[in-house]
Amino acid sequence: MKEDFHIAIFDKVGNKVSNFAKNAADKTGDMIETARLNSKIISEENVIDGLKVKIGEYYLQKFEAGEHLDVDVMELCAEIQGIKANIAAIKTEISAIKAGKDDEPAAASPAEETIFCPNCGASLPSGTKFCGQCGAQL
């Protein structure tokens, strides 16, 4: 009788351990599957980011070609041009340092900020009150 009692206890404990192990394995499997799916999401988001870059490059090329774009896009493109000018000035400073010149290169002035006429899209210096192309008040 004692043996039957011990066997019953071992069976219950064995079943609980078995269920615990099965639950742990299921949760581990779920975690692995979730991680795999999250990785897919990140991969797709990276594709979207790449496409956004291509869209930006497309509009920047149109801007640089002189095409009229939406005012907000033109302002962003003008900001990019200013940043490019700053980068060019910094590269000049680096070249001067690498060349071993003792005299400090003149500090590059930041590119003049540009605004765009909301009426015709003309590029104008910041602070302009009226458009020089169409006369619209800014």
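The values are calculated or read from the model by the stated rules, or taken from the named source; none is laboratory data. All values derive from a computational prediction rather than experimental measurement. Cβ placement follows ideal geometry from the backbone for every residue including glycine, while neighbour counts extend to all protein chains displayed.
Which residues, taken from segment 69-96, are surrounded by 15 or more Cβ atoms within 10 Å (Cβ to Cβ) and outside any helix (DSSP H, G or I)?
Hit for segment 69-96 is Leu69, nothing else.
Would you please name the residue that is modelled with the highest pLDDT, looking only at residues in segment 97-133 that are surrounded by 10 or more Cβ atoms within 10 Å (Cβ to Cβ) and farther than 25 Å from Ile80 by Cβ?
Ile97
Could we say that Phe63 is assigned to a helix (DSSP H, G or I), hydrophobic (A, V, I, L, M, F, W, C) and either farther than 28 Å from Ile115 by Cα or touching a residue at least 40 places away in the same chain (Cβ under 8 Å) (or both) here?
Judged against the criteria, Phe63 is not a match.
Suppose we keep only residues that are of a type in the set (Asp, Glu) and surrounded by 11 or more Cβ atoms within 10 Å (Cβ to Cβ) within segment 57-68. Which one would you say is nearest to the chain's Cα centre (by Cα)?
Per the criteria, the residue is Glu64.
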